[in-house]
Amino acid sequence: SELSELISQPLQSARTLNEIVLEKGVDAQKYTEFCTKLKTQLNRFEILLLQLSKLTSLKTELDETLDIQRYPLPAAIQSAQDLAAPMLAIRNMRCECAEIPPVLLETDEEYLPQALSHLMLSCLSGRESGSTVHLSFVPHGASLLIDVFCRGQRTHIKNLLVRLVTKKIQPDSLDLAIADLILQSLGGTLEELSSGSTVAYRVSLPLLCD
């Protein structure tokens, strides 16, 4: 119910925070810095709302439109990188891939790149500017294993606005939920392999059977 109220009045939390700052008599420079940070948080919150909307309708969409056919892995990875590229550029981050085996998957050419791009963004959530997400590939019997991982320091910047208005819901968990739902529909699996400062996921997808 709290989220529904926020969606109907998307700037209410921004106004509330703005009033708090004004009441404390913050000087002009600090107030300008605050407004800049607040604008960034509002942009991120807009993305969060779009993700929530997508997640609520995704299961029905998958049931109605999923089209499993042969799809080259290199094309899938290129499409996933293209989808993630705008967000990576905004965050000054990048993606590096190990050598991509020229295998064929039994999958959907629209939804698989979406799943992988969301997984890449989930890996990079909360990371310092300049971070890199890595992808590696290992054919394993009738399946292909894709490891998606990121090492390095987490940023200390708190996503205050998103935390205030969504409580326990975080953008990275939504990226992960979208990826997991798509991969399940494609007959794949998603496993978390994170350890210490490394965030890592392993995707298993069916290869094309001769």
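The values are calculated or read from the model by the stated rules, or taken from the named source; none is laboratory data. Note that this is a predicted model, so its numbers are computed, not measured. Accessible surface is based on the protein model in full, side chains and every heavy atom, while ligands, DNA and RNA are left aside. Shrake-Rupley method; radii C 1.70, N 1.55, O 1.52, S 1.80 Å.
Numbers for the structure displayed
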read-out	value
Average accessible surface area per residue within segment 74-135, 1.4 Å rolling probe, Å²	42 Å²
Per-residue SASA entry for Lys54, accessible area with 1.4 Å probe, Å² rounded to 10	60 Å²
Prolate/oblate/rounded label for segment 57-125 (Cα gyration tensor, a/c 1.5)	oblate
Accessible area in the full protein assembly, largest first, 1.4 Å probe, for His118, His140, His134	His140, His134, His118
